[in-house]
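The values are calculated or read from the model by the stated rules, or taken from the named source; none is laboratory data. On a predicted model such as this, the values are computed, not experimentally measured, just so you know. Cβ placement follows ideal geometry from the backbone for every residue including glycine, while neighbour counts extend to all protein chains displayed.
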Amino acid sequence: MPPLALPGGEAALEVTLHPSYLAKSYYPAGLIRELGLHHLGSRAVHIVPDKVVAARAEESGKAQPAPVLYLAGDADRLIEFSNAAGRWAPRDDDVGDAFRRIESVTVPGRDRLKKLSSRFEGRDSIPMEVVLHNPDEVGNSEVILTFAKFMRSLEVSFDLNRQRQAGGLAFLPIIAPRDRLDDVLNFSFLRVLREAPRIVPFDPVARSVGRAFPVTVSTEEAVAPDLSVAIFDGGLPDAHGLDRWVSVHDAPGVGAPIASAQGHGLAVTSSFLFGPLSHGQPLARPYANVDHWRVYGDTDSGSDFEAFDILDRIEAVLTSRRYDFINISLGPDYSIDDDDVSPWTARLDQILAAGETVATIACGNNGERDRGNGLHRIQPPSDGVNMLAVGASDGFGSDWKRAPYSAFGPGRSPGYVKPDFLAFGGSHGTPFLALSSVSPHAASGTMGTSFAAPVAMRSGAGVRAQFSEPLWAPAVKALLVHHANGDEADRLETGWGFLSHGLGDLVLCDDYEAHIVYQRQMPTTGAVRLYLPVPDGLSGMVEIKATFCFYCEVDPEDAINYTRAGLDIQFRPDTTTLPAPYYKGSKLITPSVPAADGFFSAKNFYATEHMQRDDAQKWETTLSRSKNKRASSLSQPAFDVSYVAREHGHGGRRSANMKFALALTIRNRSAKDLYDRVIVSSGNRLQAMRPRAGVQVPVRLPK
């Protein structure tokens, strides 16, 4: 390899482990130390292993998910070891065992170049996005400076001013001649080389449908003006007339406004303020005021690298102030890749990791593209684990379906269930009605996930605005997922289901049911026990629905081990009784904790072809499931929740501020007054949530 392709004389390797060794406990730390290597990142690959171990015998001949570790070390030492490998003797058995887990070792190959579209077919030089392993995480690291020298030697132009870092990855743009792309791939620390994405905030599916009709804007103040909300979009037309609730800001560096972008911004803002409009009906009262940040301007439409600039503008705002809710209905136009993350996803997940903000993201209108090549899958940044990916339904009645244009999953793992849910986004038969002009105001039909996302944010803001108790972002996220109604068989297309835009459907309890919300900050040591308030005297079956959500730090360079935190959740139906002693072989085992009953299972959570290993689901930031139990089997039931941590796929420190929430529903047909009985029987452990002063209690929408 050319010397300039080896920063600091180091080379990168792709080390694929056997599929049986996915869990963090199998990370070959000792082997890596003995060989003088260091970790760069990881990803997943599906392989048919050369040898099948007994536990995986039933998978013989089938492709299985395996971890690929990116490791780096001194190039000369690697060559020496390669020549001496046949005579190598590890210093201890653990290192030898780790070596035996390796399926293959290669240098990074041409698969790092992602498929090119026809967008730049007529150009000799192609704008590309480069992703580099940059473990030093500094702007002028040896990796970056060596890459710059290497690009100069190839006569490839680059822009270090647009370089952005996320974890151990650096993202930067280049413009490379077609016949130089293979030469660029020679750089050892290059992770991905892909076509620079374009921004499509105004997808053609969002065109007007039907005839416009006049709308009278109300003069009511927002229900909860203390909530802070932001929309990042194309701006609003002059004299928009929404000044009572909306403050318009230009993000740093944005160009002059574009009329089509302002029209899109008006419809998105209308969707949040008023929800879907109806002919002849007064506008709904806004739940909160909103800052509308214009992040798209005339300089972006002709730029090859507008995705870099627009992300910078959003990031500048989010790192300078805190919002309770944000909505993004624009983003880079490419479907997610299991191998890697977009800079949009990585940076926003990092910014939102503290769990202070509910972020709703439109998942994209590419649902009718080629499924065979995965072009139908959700688009960044909706694949983030600290965000809510919102798809679009074609209606909001009981016969709703995923709108054909709405992108769908699966997402990566973690973040497998994507979109998180659907909200009404409109269709030709039932268009989404939103403001389309000002002075005077008029509305017309449109459709797109761009409008479903702010409707979902409106629902979240409505939940927060309803109660005097402050609900954390994980609790709001958990409640939205919890109340989404869907079928497990359709999970890849609809996520957790369809989210009603009626506030009453989200905050009221029907007869025979009680909704409970827990929100906690996980301790740095020990576990948390959450008792389920099942009152005495119930008969028959008790339905328990539980939804856990948490926010966490991420490792962008580790696509297969992206989240740094997980929850180990044990459901104990009877915490008052210990199981009887039993023998395991010749050894007598005396249990010290109540028996656990599996509630969340990887086999129920993942599709057959995906990772169904024992610990897969614990790293998901959202888990939801229903289970029926006999009332007679429940005695002070509880969830025991442990906090597990990792960094780069192996053991890591616990964050001191990880927040999580549990939304819980209990139903039993023998107790019409179940809610009141739960309040009475729970003692002081639970408090009834009180409506905010002066806020009218909502009603449920008719089914």
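Summary table
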| item | result |
| --- | --- |
| Test: residue in region 617-635 that is of a type in the set (Gly, Ala, Ser), in contact with a helix residue (DSSP H, G or I) (Cβ under 6 Å, 6 or more places away or on another chain) and at pLDDT below 85 | no |
| Selected residue (only one of GLY86, GLY122 is surrounded by fewer than 16 Cβ atoms within 10 Å (Cβ to Cβ), free of Cβ contacts under 8 Å to residues at least 24 places away in the same chain and over 23 Å from GLU14 (Cα atoms)) | GLY122 |
| Flag for SER278 being surrounded by fewer than 20 Cβ atoms within 10 Å (Cβ to Cβ), more than 30 Å from ASP159 (Cβ to Cβ) and of a type in the set (Ser, Thr, Tyr) | yes |
| Residue that is surrounded by the most Cβ atoms within 10 Å (Cβ to Cβ) [pool: residues in region 290-305 that are assigned to a loop (DSSP other than H, G, I, E, B) and touching an Asp or Glu at 6+ places or on another chain (Cβ under 9 Å)] | VAL295 |
| Output for region 334-366, where each listed residue is assigned to a loop (DSSP other than H, G, I, E, B) and either aliphatic (A, V, I, L, M) or touching a Gly at 6+ places or on another chain (Cβ under 8 Å) (or both) | SER335, ILE336, VAL341, ALA353, ALA354, CYS363, GLY364, ASN365 |
| Subset tally (residues that are among the charged types (D, E, K, R) and not in a loop (DSSP other than H, G, I, E, B)) for region 538-591 | 8 |
| Residue in region 437-446 that is buried (at least 21 other Cβ atoms within 10 Å of the Cβ) and β-branched (Val, Ile, Thr) present | yes |
| Qualifying residue in region 329-338 (condition: over 30 Å from ARG43 (Cα atoms) and in contact (Cβ under 8 Å) with a residue 40 or more places away in the chain) | no |
| Those residues of region 665-679 which are in a strand (DSSP E or B) and more than 30 Å from GLY526 (Cα to Cα), in sequence order | ARG667 |
| Considering residues of region 412-436 that are among the aromatic types (Phe, Trp, Tyr) and more than 19 Å from the chain's Cα centre (by Cα) only, the residue surrounded by the fewest Cβ atoms within 10 Å (Cβ to Cβ) | PHE424 |
| One residue from VAL417, VAL438 being modelled with pLDDT under 95, under 30 Å from GLU557 (Cβ atoms) and either in contact with a Pro (Cβ under 7 Å, 6 or more places away or on another chain) or of a type in the set (Val, Ile, Thr) (or both) | VAL417 |
| Where PRO127 falls short, out of the listed (1) crowded, with 19+ Cβ neighbours inside 10 Å; (2) touching a helix residue (DSSP H, G or I) at 6+ places or on another chain (Cβ under 8 Å) | (2) |
| Region 511-558: number of residues that are of a type in the set (A, V, I, L, M) and on the phi > 0 side of the Ramachandran plot | 0 |
| Residue check for LEU664: of a type in the set (A, V, I, L, M, F, W, C), crowded, with 20+ Cβ neighbours inside 10 Å, closer than 30 Å to ASP349 by Cβ and at pLDDT 95 or above | yes |
| Scan of region 493-522 for residues that are in contact with a Pro (Cβ under 6 Å, 6 or more places away or on another chain) and surrounded by fewer than 16 Cβ atoms within 10 Å (Cβ to Cβ), ordered by number | GLY504 |
| Residue satisfying all of: in region 441-464; at pLDDT below 95 and among the hydrophobic types (A, V, I, L, M, F, W, C); farthest from SER624 (Cα to Cα) among these | ALA442 |
| Only listed residue being closer than 19 Å to ALA546 by Cβ, under 31 Å from the mean Cα position of the chain (by Cα) and part of a loop (DSSP other than H, G, I, E, B), chosen from LEU662, LEU686 | LEU686 |
| Residues of region 160-182 satisfying the condition of being among the β-branched types (Val, Ile, Thr) and either assigned to a helix (DSSP H, G or I) or touching a Phe, Trp or Tyr at 6+ places or on another chain (Cβ under 6 Å) (or both) | ILE174 |
| Pick from region 81-115, criterion in a loop (DSSP other than H, G, I, E, B) and not basic (Lys, Arg), ranking: farthest from LEU185 (Cα to Cα) | ASP92 |
| Where a residue in region 532-552 is closer than 26 Å to VAL385 by Cβ and its partner, wherever it lies, is basic (Lys, Arg) and outside any strand (DSSP E or B), with Cβ under 8 Å and at least six apart | CYS549/LYS477; CYS552/ARG564 |
| Top-ranked residue in region 523-564 [being surrounded by 15 or more Cβ atoms within 10 Å (Cβ to Cβ) and acidic (Asp, Glu); ranked as modelled with the highest pLDDT] | GLU543 |
| Test: residue in region 402-411 that is part of a loop (DSSP other than H, G, I, E, B) and among the charged types (D, E, K, R) | no |
| Test: ARG77 is among the basic types (Lys, Arg), without any contact (Cβ under 8 Å) to a residue 24 or more places away in the chain and in a helix (DSSP H, G or I) | no |
| Residue within region 502-511 that is free of Cβ contacts under 8 Å to residues at least 60 places away in the same chain, touching a helix residue (DSSP H, G or I) at 6+ places or on another chain (Cβ under 6 Å) and not in a loop (DSSP other than H, G, I, E, B) present | yes |
